[in-house]
1. Could you grab me the full set of residues in the stretch 23-40 that are in a loop (DSSP other than H, G, I, E, B), open to solvent by 40 Å² or more (accessible area, probe 1.4 Å) and under 18 Å from Gln108 (Cα atoms)?
2. Checking Arg51 against (1) farther than 20 Å from Val111 by Cα; (2) open to solvent by less than 20 Å² (accessible area, probe 1.4 Å); (3) part of a loop (DSSP other than H, G, I, E, B): exactly one of these is not met. Which one?
3. Can you go through Gln13, Gln42, Gln1 and tell me which one is modelled with pLDDT under 95 and of a type outside the set (Ser, Thr, Tyr)?
4. How many residues are open to solvent by 20 Å² or more (accessible area, probe 1.4 Å) and within 22 Å of Arg51 (Cα to Cα) if we restrict to the stretch 9-22?
5. Residues that are in contact (Cβ under 8 Å) with a residue 40 or more places away in the chain, buried (at least 20 other Cβ atoms within 10 Å of the Cβ) and under 11 Å from the mean Cα position of the chain (by Cα), at least 3 per element: which strands (runs of 3 or more DSSP E) completely within the stretch 64-113 meet that?
Amino acid sequence: QVRVVESGGGLVQAGGSLRLSCAASGSSFSTMGWYRQAHGKQRDVVAQITRGGFAVYASSVKGRFTISRDNAASTVYLQMTSLKPEDTAVYYCNARQGQADYWGQGTQVTVSS
């Protein structure tokens, strides 16, 4: 059973930075990524990165967030800078292995104005 665990969320003022980490048990994950879900809204993709390092971002975070991964450790990171109140959400890590998607339980990020 694959286990996905996020860490690094918290409360930060607007303009600040946070770094999220996600570790997945097992190996050979193709795409790993971050999604977020604000209260009362649907879960949306924030950023994804392939095993080869190709990254894509939601337009709302491009230029402010950076995704990276350590394939050997099956870990993915999300460096968030210039945070805005609208970035407030629960952030979920996703790891894809074959046809299966695995999710963490989420970590809360709150940005105060």
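The values are calculated or read from the model by the stated rules, or taken from the named source; none is laboratory data. Bear in mind the structure is a predicted one, so any value in this text is a computation, not a measurement. Methodologically, a virtual Cβ is constructed for each residue, glycine included, from the backbone with ideal geometry; neighbour enumeration extends over all protein chains shown. We work out accessible area using only protein heavy atoms, side chains counted, and drop any ligands, DNA or RNA first. Shrake-Rupley method; radii C 1.70, N 1.55, O 1.52, S 1.80 Å.
1. Correct list: His39, Gly40.
2. (2)
3. Numbers: Gln13 fails: modelled with pLDDT under 95; Gln42 fails: modelled with pLDDT under 95.
The match here is Gln1.
4. Residues in the stretch 9-22 being open to solvent by 20 Å² or more (accessible area, probe 1.4 Å) and within 22 Å of Arg51 (Cα to Cα): 2 in total.
5. 75-80, 89-97
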